[in-house]
Amino acid sequence: MKKSKKTNKSKTLRTIIIIIVALTATYTFLPNYLQKGIIYLNPNIDDYKIFDNREVKKGEPIPWPLAENYGQLQLPSTTSDSLEKYQSVAFLVIQRDSLVYESYWNGYTETSLSNSFSMAKSIVSLLIGCAIEDGYIKSLDEKAINYLPWLKGPYSEDLTIRHLLTMSSASNWDESYSSPFSITTRAYYGRSLRSTIKEVEIVKHPGIVWNYRSGDTQLLERILNKATEMPLAEYASLKLWQPLGAEESALWSLDKRKGTEKAYCCFNSNARDFARIGSLVLNEGEFANQRIVPEEYIEKMITPAKYLTNEDAEMVDYYGLHWWIMNYQGQQIPYARGILGQYIYVVPQHDAVIVRLGHKRSGSYQDHHPKDAFTWLKAGLELINQNNN
């Protein structure tokens, strides 16, 4: 009887060892991006800690003035509950170029970095506007192939910068977040963005159907890099971060050391400095009385691309040039958004900017906008009303 027990234990131990060896061998032969994906499983707002980064250098800081009512305004309890439910880390309101309200959770502060995720796409759009003004790019309708001679696909010569900005490239990019084998996952965790993006092909007529693709933004990064002859983070520092008076340097995550910026995501900053992006749009391309982006470009950027339809044959009245547009109670609200509930809202009717950062967002949508996007906008407007009374 004792011998039988000892034999069973020995077999169990051997089985465990075999499984461990098999898993280790399998893991060893997986591509690098899958190894990293298995370790970290899901994207996180602190992923800049696991990636190499390039600094987006600040210049002379221009701190936000504090509004007269700063520190006196209160969020309704229901809103506070929602902010906690979706694991918010920051909520901030700027009105008339002054800081009206800010709150932080979970150990995050006014200087804590966190990932913008797809809000970075909206920053890239602003940089395209700068590049056109600087003469690096001729126009929105310039052909992408002028900068990307390696571009493939039967319609590659038809693709323009405008098509990329309006997410109407008609490329074969697979915007799949759940599949570990998708090109999006490979771009996020992989170490060779330049070779990955060269796999993209323009397979249909561009400029007809809107289809959200992170690859469109990464192609814009390649265009900006070629046109300006400098890394994206360096151009962002010179044209945005320094003129905007950011209080903290930002980080743009790379595919590897001294590599390529993940342009479609991964711009890491804090709520106060993200608000500067909103203020720039609010003030039609100016900040602190300095022209940064052409007013004409800002207007185009936040105008819905209604000449496009989506795959359900609906008019695209919710997206411009890499900026979302929400119709809220008769107001047109341009905003940037990221997949884990990152938002920068521009509210012209109240001369205000609202920023929300966090770990989660709603999985339900209303008119192509996550439902929580309405919650944070409403909360910000309530604080603005309190400030005005």
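Where residues in the stretch 175-234 are under 22 Å from Tyr318 (Cα atoms) and of a type in the set (Gly, Ala, Ser), which of them is surrounded by the fewest Cβ atoms within 10 Å (Cβ to Cβ)?
The qualifying residue surrounded by the fewest Cβ atoms within 10 Å (Cβ to Cβ) is Ser176.
When you go through (1) surrounded by 16 or more Cβ atoms within 10 Å (Cβ to Cβ); (2) more than 13 Å from Pro294 (Cβ to Cβ); (3) of a type outside the set (S, T, N, Q) one by one for Asp141, which number turns out not to apply?
All conditions are met except number (1).
Across the stretch 346-368, what is the number of residues that are over 15 Å from the mean Cα position of the chain (by Cα) and on the phi < 0 side of the Ramachandran plot?
13
All but one of (1) farther than 13 Å from Arg54 by Cβ; (2) touching a helix residue (DSSP H, G or I) at 6+ places or on another chain (Cβ under 6 Å); (3) not polar (S, T, N, Q) hold for Asp255; state the number of the condition that does not hold.
Just one mismatch for Asp255, condition (1).
In the stretch 305-336, how many residues are without any contact (Cβ under 8 Å) to a residue 40 or more places away in the chain and either closer than 14 Å to Asn211 by Cα or in a helix (DSSP H, G or I) (or both)?
Looking only at that region, the number is 7.
Within the stretch 80-108, take every residue that is closer than 21 Å to Asp351 by Cβ and of a type in the set (Asp, Glu) and give me the one that is surrounded by the most Cβ atoms within 10 Å (Cβ to Cβ).
Per the criteria, the residue is Glu102.
Working only within the stretch 60-79, note down all residues that are under 24 Å from the mean Cα position of the chain (by Cα) and over 25 Å from Gln349 (Cα atoms).
Scanning the stretch 60-79 gives a single hit, Pro61.
Return the pair list, or none, for Cβ contacts closer than 8 Å from residues in the stretch 180-200 that are in the same structural domain as Cys265 (by TED's automatic domain parsing) to residues that are at pLDDT below 95 and acidic (Asp, Glu), at least 6 apart or on different chains.
Short answer, once both residue conditions are applied: Ser182/Asp174; Ser182/Glu175; Ile183/Asp174; Thr184/Asp174; Thr184/Glu175.
Okay, residues lined up against (1) in a strand (DSSP E or B); (2) more than 17 Å from Val281 (Cβ to Cβ); (3) of a type outside the set (Asp, Glu):
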residue	(1), (2), (3)
Val353	yes, no, yes
Leu357	yes, yes, yes
Lys360	no, yes, yes
Gly363	no, yes, yes
Asp372	no, yes, no
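Quickly run through the stretch 219-233 and pick out the residues that are of a type outside the set (Gly, Ala, Ser) and more than 16 Å from Asn146 (Cα to Cα).
Here is the first cut: in the stretch 219-233, the ones of a type outside the set (Gly, Ala, Ser) are 219-226, 228-232.
Listed by number, the residues that qualify are Met230, Pro231, Leu232.
State all residues of the stretch 80-96 that are more than 11 Å from Leu357 (Cβ to Cβ), outside any strand (DSSP E or B) and in contact with a helix residue (DSSP H, G or I) (Cβ under 7 Å, 6 or more places away or on another chain); if no residue qualifies, say none.
Ser82
Could you go through the stretch 283-302 and let me know if any residue there is touching a residue at least 12 places away in the same chain (Cβ under 8 Å), surrounded by fewer than 19 Cβ atoms within 10 Å (Cβ to Cβ) and touching a strand residue (DSSP E or B) at 6+ places or on another chain (Cβ under 9 Å).
no
Hey, among the residues in the stretch 135-184 that are more than 23 Å from the chain's Cα centre (by Cα) and assigned to a helix (DSSP H, G or I), which one's nearest to Ile202 (Cα to Cα)?
So the residue we want is Ser156.
Would you please name the residue that is farthest from the chain's Cα centre (by Cα), looking only at residues in the stretch 193-252 that are assigned to a loop (DSSP other than H, G, I, E, B) and β-branched (Val, Ile, Thr)? Don't jump to the end; show me each part of the working.
Just the residues of the stretch 193-252 that are assigned to a loop (DSSP other than H, G, I, E, B), to begin with: 198-200, 203-208, 210-213, 229-231, 242-249.
Right, trim to β-branched (Val, Ile, Thr) and you get 200, 203, 208.
On the way: Val200: 20, Val203: 25, Ile208: 24 Å.
Here the answer is Val203.
Return the residues of the stretch 289-321 that are under 13 Å from Ile333 (Cα atoms) and of a type in the set (Ser, Thr, Tyr); say none if nothing qualifies.
Thr303, Tyr318, Tyr319
Is it true that His350 is under 23 Å from Tyr101 (Cα atoms), out of contact with any Phe, Trp or Tyr (no Cβ under 7 Å at 6 or more places or on another chain) and surrounded by 14 or more Cβ atoms within 10 Å (Cβ to Cβ)?
In short, yes.
Inspect the stretch 127-136 for any residue being of a type in the set (Phe, Trp, Tyr), touching a strand residue (DSSP E or B) at 6+ places or on another chain (Cβ under 8 Å), surrounded by 16 or more Cβ atoms within 10 Å (Cβ to Cβ) and touching a residue at least 40 places away in the same chain (Cβ under 8 Å) and give the result as yes or no.
Scanning the stretch 127-136, I find no residue that is of a type in the set (Phe, Trp, Tyr), touching a strand residue (DSSP E or B) at 6+ places or on another chain (Cβ under 8 Å), surrounded by 16 or more Cβ atoms within 10 Å (Cβ to Cβ) and touching a residue at least 40 places away in the same chain (Cβ under 8 Å), so the answer is no.
The values are calculated or read from the model by the stated rules, or taken from the named source; none is laboratory data. This structure is a prediction, so every number in the text was calculated from the model and none was measured. Glycine also receives a Cβ, built like all others from the backbone with ideal geometry; neighbour counts cover every protein chain displayed.
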